[in-house]
Amino acid sequence: MRVLVTAGASGIGHAIAAAFSAEGAEVWICDIDQAALDTAFTDDANVTARRTDVSDVNQVAALFEEIHRGGALDVLVNNAGIGGPTGPIETMEPVDWQRTLQVNLFSDFLCCREALPGMKARGAGSIINISSTAGIMGYPLRSPYAAAKWGVVGLTKSLAMEVGPSGIRVNAICPGPILGDRMERVLAQESAARGRPTAEIKDEYTRQTSLRSWIDGSEIADMAVFLASEKARHISGQIIGVDGNTETLGM
Ligand code: NAD
């Protein structure tokens, strides 16, 4: 099985790449963080790492050109995403809005566009887009992020219909808040924007899920491996929360 995980040098992408490697897959990861690429998977011969900004059309084309020398991908995991700015919409800079849409949504389009011809030629493939609970509900003060993640859901639903007849499945995973660096940064930004202590906001996130839970990156990886497997052969067009059942989001 040949797999590409975008933004795979750290965070959730790293967990997903490690899980596919443990299944014996040939795994490609890309990331913009060269230092993280240099230290991730150094002793894992299943994983090949490349520096690629997935929001850049030429860099994505170059990455796929190299990957396709070995044949088509079986699995594409569009994981790359940035948190984007936090605050009332009228305070946001157009450049930050655009960048949030570019990294969270446009990059998925670019990678699907490159991966699909090979998958179609083989009549098989699994695309897994990482959306968010912010892709299924409103997220005050995080409007560009929520807009991008709803866009990922729209892309998933549309593409599943387009490519289903070619034997290709497309699904989205919506993680809840994950324990780790990214959410520490989000909590700090929200604390500054709302003038409330970080610990209070963290507690609020916990209470916003029915299971009063935070999620581990490995749980997203487990779902991705399942969705790519034969066991999920009739699962497509689905938007799957791995989030402890988020009831509401943000303030
Ligand atoms: P992260 O902030 O930890 O970043 C992971 C990696 O993305 C980093 O190594 C970074 O260098 C890379 N990256 C950033 N921009 C890139 C670009 N343009 N091209 C290539 N690589 C790039 O993120 P994470 O928490 O692991 O999140 C992964 C995905 O899950 C994202 O799409 C995110 O929106 C989504 N998500 C995360 C959470 C959470 O709580 N962390 C919750 C819901 C959804």
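Relative to the compact-globule estimate of 2.2 N^0.38 Å, the Cα radius of gyration of the stretch 164-203 comes out at 1.89.
Relative to the longest principal axis of the Cα atoms of the chain, the long axis of helix 181-194 makes an angle of roughly 30 degrees.
Helical runs assigned H by DSSP (4 residues or longer) give the chain a calculated mean residue ellipticity at 222 nm of -14000 deg cm²/dmol, each run adding -39500 (n - 2.57) before division by the residue total. Choose one of 25, 106, 55: the residue whose Cα lies farthest towards the positive end of the charge dipole of the chain (beta-carbon charges +1 Lys, Arg; -1 Asp, Glu; about the Cα centre). Comparing the listed Cα positions along the dipole, 106 ranks first. Within the accessible surface of the stretch 8-135, defined with a 1.4 Å probe on protein heavy atoms only, the carbon and sulfur portion equals 51 percent. Taking square-rooted eigenvalues a ≥ b ≥ c of the alpha carbon gyration tensor, is the stretch 153-251 rounded, prolate or oblate, where a/c under 1.5 means rounded and, failing that, a/b exceeding b/c means prolate? Prolate. Across q = 0.10, 0.11, 0.13 Å⁻¹, the stretch 37-126 modelled as identical point scatterers on its alpha-carbon atoms has Debye log10 I(q)/I(0) values of -0.34, -0.41, -0.55, in the order of the q list. Close lysine pairs were tallied over the chain: pairs 8 or more places apart or on different chains with Cα atoms under 21 Å apart number 4.
Just the ratio, please: alpha-carbon radius of gyration of the chain over 2.2 N^0.38 Å, N its number of residues. Walk me through the numbers before you get to the answer.
On the way: Rg = 17.5 Å, N = 251, 2.2 N^0.38 = 18.0 Å.
Expressed relative to 2.2 N^0.38 Å, the Cα Rg reads 0.98.
Each 5 Å bin, from zero up to the one with the longest distance, holds this percent of the alpha carbon pairs of the stretch 93-218: 2, 10, 16, 20, 17, 13, 10, 7, 3, 2, 0.
Couplings for the stretch 121-135, taken from phi via the Karplus curve 6.51 cos²θ - 1.76 cosθ + 1.60 with θ = phi - 60°, read 4, 8, x, 7, x, 9, 10, 10, 9, 8, 8, 5, 4, 5, x Hz in order; Gly and Pro are left as x.
Average accessible surface for the stretch 1-114: 44 Å² per residue, computed with a 1.4 Å probe over protein heavy atoms with every protein chain in place. For the options 32, 239, 168, a Gaussian network treatment of the chain with springs between C-alpha atoms closer than 10 Å singles out 32 as fluctuating the most. Computed over protein heavy atoms with a 1.4 Å probe, the accessible surface of the stretch 173-237 works out to 52 Å² per residue.
The values are calculated or read from the model by the stated rules, or taken from the named source; none is laboratory data. If you're wondering where the values come from, they're calculated on a predicted model, not measured in any experiment. We place every Cβ from the backbone using ideal geometry, glycine too, and count neighbours over all the protein chains shown. SASA here: full protein model, heavy atoms, side chains in, ligands and nucleic acids out. Shrake-Rupley method; radii C 1.70, N 1.55, O 1.52, S 1.80 Å.
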